[in-house]
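The values are calculated or read from the model by the stated rules, or taken from the named source; none is laboratory data. Note that this is a predicted model, so its numbers are computed, not measured. Counting neighbours? That spans all protein chains shown, and the Cβs are built from the backbone with ideal geometry, glycine included. The accessibility values were calculated without ligands, DNA or RNA, using every heavy atom of the protein model including side chains. Shrake-Rupley method; radii C 1.70, N 1.55, O 1.52, S 1.80 Å.
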Amino acid sequence: MAQAKKGDRVKVHYTGKLEDGSVFDSSECGDSDCDCSSGPLEFTVGAGEVIPGFDQAVEGMSIDETRSVHIPVEEAYGERVEEMVAQVPRSELPAGMLPEVGQHLEVTQEDGNAFQVVITEVTDDQVTIDANHPLAGRDLNFDIRLVEIG
């Protein structure tokens, strides 16, 4: 039976859980309250398209095989970096913008590169933004089922 190897294009169904068992994402939720993606996740094994621990977990799997894996911070989204949290004067926000905690913004750097941030605090004078991935600093657990090797 074929096994997924580096360079293979694969499709997997997965459910991602935090250490407390709460589901943060799934490709097939059913009646769950989690944030569902649409259909299986497709990626090339070993190409760096997914977090390293997930990539490594799929390598060697056969079609319809299921695997439960624990992915430590280092093989997931890495540690939180406090330097990626900044306070911005409200006067620097676009005119008419009403910032709210939890709101996602796209910030464009002087070199034209854009990245996502989330607003974590709003005061009368400042807005605190965080450019860390929401799952940075956390160990993750995944239940993975390989559905296709392309």
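Of all the numbered requirements in (1) at pLDDT below 95; (2) of a type in the set (A, V, I, L, M, F, W, C); (3) more than 13 Å from the chain's Cα centre (by Cα), Phe43 misses one, and that requirement is (1).
Among the strands (runs of 3 or more DSSP E) confined to region 97-150, the ones with at least 3 residues that are in contact with a helix residue (DSSP H, G or I) (Cβ under 7 Å, 6 or more places away or on another chain), touching a residue at least 24 places away in the same chain (Cβ under 8 Å) and not hydroxyl-bearing (Ser, Thr, Tyr) are located at 126-130, 140-149. If the condition is being open to solvent by 90 Å² or more (accessible area, probe 1.4 Å), in contact (Cβ under 8 Å) with a residue 24 or more places away in the chain and of a type in the set (Asp, Glu), then region 55-96 contributes Asp64, Glu79. The C-beta contact set for region 43-54 (first residue within 12 Å of Tyr77 (Cα to Cα), second residue surrounded by fewer than 17 Cβ atoms within 10 Å (Cβ to Cβ), distance under 6 angstrom, 6+ apart or interchain) is empty.
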